[in-house]
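To keep things clear, I will list the structure first and then write my remarks on it.
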Amino acid sequence: MRQVYLDYSATTPVKKEVLDEMLPYFSEKFGNPSSLYDIGQEAAAAVAKARGRVAHLINADTNEVYFTSCGSEADNWAFFGVTDAQSAKGKHVITTEIEHHAILHSGEYLSKRGIDVTYLPVDHEGRVHPEDLEKAIRPDTVLVSVMLVNNEVGTVQPIKELAAIAHKHGITFHSDAVQGLGNVPIDVKDMGVDLMSFSSHKIYGPKGVGAMYMKKGTRISNYLHGGAQESARRAGTENTAGIVGFGKAAELAEQNLKSHIKNVSSLRDYFIEQVKKNIPDVIVNGTMDGRHPGNANITFKYIEGESILILLNEKGIYISTGSACSSKSLAPSHVLTALGIPVEMIHGSIRFTVGDFTTKEDLDYTIECLTDIVKHLREISSVNAEKGW
Amino acid sequence: MAMYNDKVMDYFLHPHNVGEIENADGTGVYGSPVCGDMMQITISVDKDTDVITDAKFKTFGCGSAIASSSMATDMIIGKTVEEALNVSNKQIIEELGGLPAIKIHCSVLADHAIKSAIYDYAQKNNKTYAGLEGFDPNADDEEQDDSPEHI
């Protein structure tokens with residue numbers, strides 16, 4: 001059966017060039033980068049090379065990039081590290097309602113420890129308004145954290161403007177850029193961020209590796225304690241093969257950035273156009289103005305997302321849904337809720353993300369299957385366009 | 001899908017009794033699109049024998065909601081009204097070979113949709129059934145729902 005992967009925001013396959021560079025670091029060049037003899041230093045050099053590649057992609061200085069085990073670790077580090085190091089200054093953090101759970105749940109944990117967390121709202125396009133940030137700032141605010149690109153609807157935030165507001169008040173600014181890396185241009189110096197989180201497996205690198213950009217002089221405590229790895233900022237023996245893979249993926253992402261954005265967004269636009277043409281009663285959530293190039297978040301009215309997901313899976317098509325029924329908590333997507341989308345519409349929302357291996361034929365096959373599936377489920381459904389909700 | 005067993009998948013992929021009976025003897029609707037599941041069950045009843053001769057469903061909901069509706073309608077066709085009232089959500093789950101714990105509420109919805117359809121039939125025909133005692137078709141979902149995780 002044909003397989004069509006349309007969930008590149010969940011994860012991406014490791015590219016062959018990436019895997020080829022990683023393989024020697026498992027068994028052959030297995031040395032510990034902290035060891036002083038040759039095979040140790042060979043591994044250390046490979047980690048340093050990867051650091052340079054990641055730094056180059058985001059226009060950072062090489063020694064401002066710290067490898068972590070994942071994007072979530074970098075997010076946790078930002079929250080716990082900044083609030084700890086700046087506890088004498090204050091106990092207030094500002095973030096948004098549409099962050100990834102790595103941020104939201106870190107915020108919830110901090111709240112239990114006596115720190116106030118303010119969640120900024122977003123408009124119906126999923127965008128944070130700078131004036132809302134300005135209003136939320138207090139004398140005791142120590143951290144502002146706003147994601148660069150939303151994982152569900154793909155909205156790009158005005159990070160440069162938001163970081164400038166935080167800095168005007170002397171507040172550290174962090175951005176979770178896990179979905180942004182390789183999909184939108186990132187220049188940490190131009191954006192003016194102090195901290196930024198990244199993940200390898202969203203850019204055709206391996207899972208189990210992330211990174212934190214940390215501007216020199218940022219007041220942040222360590223999060224993982226132990227050895228002196230990562231300039232004594234993040235303990236733990238380096239995941240050499242994974243880091244090498246992340247480095248290669250970053251190099252490819254930089255080389256391909258323009259063509260990737262162009263190809264992926266043109267496929268995504270074609271997909272949305274075909275969905276609208278072939279299927280009635282659909283709504284595209286978010287905005288087309290400043291969006292992740294591969295993201296299409298679409299509500300299919302009068303039916304439920306998990307049903308769509310299962311039937312697409314039967315056809316070898318892989319997508320994700322904001323429906324409550326597919327989540328372990330049975331709570332509908334917090335992102336779509338924050339955009340003001342009615343709950344019954346959230347239940348029928350599907351996130352499609354196209355990526356580097358998606359073809360037009362894949363999308364034509366998907367449209368064909370999707371058209372039949374939506375029609376079938378609407379025939380079964382107890383609600384429809386005539387009856388209304 | 002690894003999350004559902006083969007029987008649930010079969011009832012979801014090839015549902016039985018989909019549709020709406022015209023001039024039904026009883027109609028029950030339970031749940032709401034806001035909650036993520038809404039079932040409508042229509043029944044035909046032989047008024048002399050009290051046997052349910054046909055049942056059809058229409059469901060807005062996930063795979064297990066559709067499979068539960070399909071199974072529930074299968075289970076009540078051919079039963080007397082009193083026997084149908086004894087069909088519990090537990091039996092629906094057993095017949096489906098089990099549902100993931102988080103999806104138990106879908107079978108509860110099917111159970112209530114059946115009772116609502118029978119309640120409608122009883123009201124229209126001035127009948128009383130022991131199995132309907134204390135049943136309120138308009139009761140709040142959350143009170144009826146025994147799944148604490150359903151929010």
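The values are calculated or read from the model by the stated rules, or taken from the named source; none is laboratory data. Remember, predicted model here, so these are calculated numbers, not experimental data. In this analysis, Cβ positions are derived from the backbone assuming ideal geometry, glycine residues included, and neighbour counts consider all displayed protein chains.
Restricting to segment A:332-354, name every residue that is touching a residue at least 40 places away in the same chain (Cβ under 8 Å), surrounded by fewer than 22 Cβ atoms within 10 Å (Cβ to Cβ) and outside any helix (DSSP H, G or I). A:Gly340, the sole residue that qualifies. Residues in segment B:37-51 that are assigned to a strand (DSSP E or B) and out of contact with any strand residue (DSSP E or B) (no Cβ under 9 Å at 6 or more places or on another chain): 0 in all. For segment B:126-149, the count of residues that are at pLDDT 95 or above and outside any loop (DSSP other than H, G, I, E, B) is zero. Filter segment B:15-46 for residues that are more than 11 Å from chain A (Cβ to nearest Cβ), surrounded by fewer than 18 Cβ atoms within 10 Å (Cβ to Cβ) and without any contact (Cβ under 8 Å) to a residue 24 or more places away in the chain and give the result. Within segment B:15-46, B:Glu22, B:Asn23, B:Asp46 qualify. If you go through segment A:17-63 and pick out every residue that is of a type in the set (A, V, I, L, M, F, W, C), surrounded by 16 or more Cβ atoms within 10 Å (Cβ to Cβ) and more than 25 Å from the chain's Cα centre (by Cα), you end up with 3. Apart from one condition, A:Val282 fits all of (1) away from chain B (no Cβ under 14 Å); (2) under 23 Å from the mean Cα position of the chain (by Cα); the exception is (2).
Assess whether A:Lys277 counts as being assigned by TED's automatic domain parsing to the domain that holds A:Leu336, assigned to a helix (DSSP H, G or I) and either charged (D, E, K, R) or in contact (Cβ under 8 Å) with a residue 12 or more places away in the chain (or both). Spelling it out, A:Lys277 is indeed assigned by TED's automatic domain parsing to the domain that holds A:Leu336, assigned to a helix (DSSP H, G or I) and either charged (D, E, K, R) or in contact (Cβ under 8 Å) with a residue 12 or more places away in the chain (or both).
Answer yes if at least one residue in segment A:289-311 is more than 10 Å from every other protein chain (Cβ to nearest Cβ) and surrounded by fewer than 18 Cβ atoms within 10 Å (Cβ to Cβ), and no otherwise. Checked segment A:289-311: at least one residue is more than 10 Å from every other protein chain (Cβ to nearest Cβ) and surrounded by fewer than 18 Cβ atoms within 10 Å (Cβ to Cβ). Is it the case that some residue within segment B:64-80 is surrounded by fewer than 24 Cβ atoms within 10 Å (Cβ to Cβ), over 17 Å from A:Ile303 (Cβ atoms) and in contact with a His (Cβ under 6 Å, 6 or more places away or on another chain)? Yes - at least one qualifying residue is present in segment B:64-80. Looking at segment B:47-63, is at least one residue among the aliphatic types (A, V, I, L, M), buried (at least 16 other Cβ atoms within 10 Å of the Cβ) and within 11 Å of the chain's Cα centre (by Cα)? Yes, segment B:47-63 contains a residue that is among the aliphatic types (A, V, I, L, M), buried (at least 16 other Cβ atoms within 10 Å of the Cβ) and within 11 Å of the chain's Cα centre (by Cα).
Only one entry in A:Thr287, A:Thr321 is in contact with an Asp or Glu (Cβ under 7 Å, 6 or more places away or on another chain), at pLDDT below 95 and either among the polar types (S, T, N, Q) or closer than 24 Å to A:Ala211 by Cβ (or both), namely A:Thr321.
Conditions: (1) at pLDDT 95 or above; (2) more than 20 Å from the chain's Cα centre (by Cα); (3) not aliphatic (A, V, I, L, M). A:Gly242 meets all but one. Number of the miss? Single failed check for A:Gly242: (2). Of all residues in segment B:93-108, those being farther than 20 Å from B:Leu13 by Cβ, crowded, with 24+ Cβ neighbours inside 10 Å and touching a residue at least 40 places away in the same chain (Cβ under 8 Å) number 1. Among the numbered conditions (1) in contact with a Phe, Trp or Tyr (Cβ under 7 Å, 6 or more places away or on another chain); (2) within 28 Å of A:Pro158 (Cα to Cα), the only one that A:Ile308 does not meet is (2). Filtering segment A:312-331 to residues that are of a type in the set (Ser, Thr, Tyr), buried (at least 19 other Cβ atoms within 10 Å of the Cβ) and either more than 17 Å from B:Lys103 (Cα to Cα) or outside the structural domain of A:Gly294 (by TED's automatic domain parsing) (or both) leaves only A:Ser320. In segment A:82-107, the residues that are on the phi < 0 side of the Ramachandran plot form Cβ pairs under 6 Å with partners that are among the basic types (Lys, Arg), at six or more places apart or across chains, as follows: A:Ala85/A:Arg219; A:Gln86/A:Arg219; A:His92/A:Arg138. The residue that is nearest to A:His292 (Cα to Cα), among those in segment A:348-389 that are away from every other protein chain (no Cβ under 14 Å) and among the acidic types (Asp, Glu), is A:Asp356.
Restricting to segment A:239-260, what's the tally of residues that are farther than 15 Å from A:His56 by Cα and surrounded by fewer than 22 Cβ atoms within 10 Å (Cβ to Cβ)? Selection size over segment A:239-260: 4. Annotation: of all residues in segment A:124-148 being free of Cβ contacts under 8 Å to residues at least 24 places away in the same chain and within 25 Å of the chain's Cα centre (by Cα), the one that is surrounded by the fewest Cβ atoms within 10 Å (Cβ to Cβ) is A:Glu131. When each of A:Ala60, A:Ala45 is tested for being at pLDDT 95 or above and under 24 Å from A:Ala177 (Cα atoms), the lone residue that passes is A:Ala60. Scanning segment B:71-89 turns up at least one residue that is more than 8 Å from chain A (Cβ to nearest Cβ), within 24 Å of A:Asp372 (Cβ to Cβ), free of Cβ contacts under 8 Å to residues at least 60 places away in the same chain and assigned to a helix (DSSP H, G or I).
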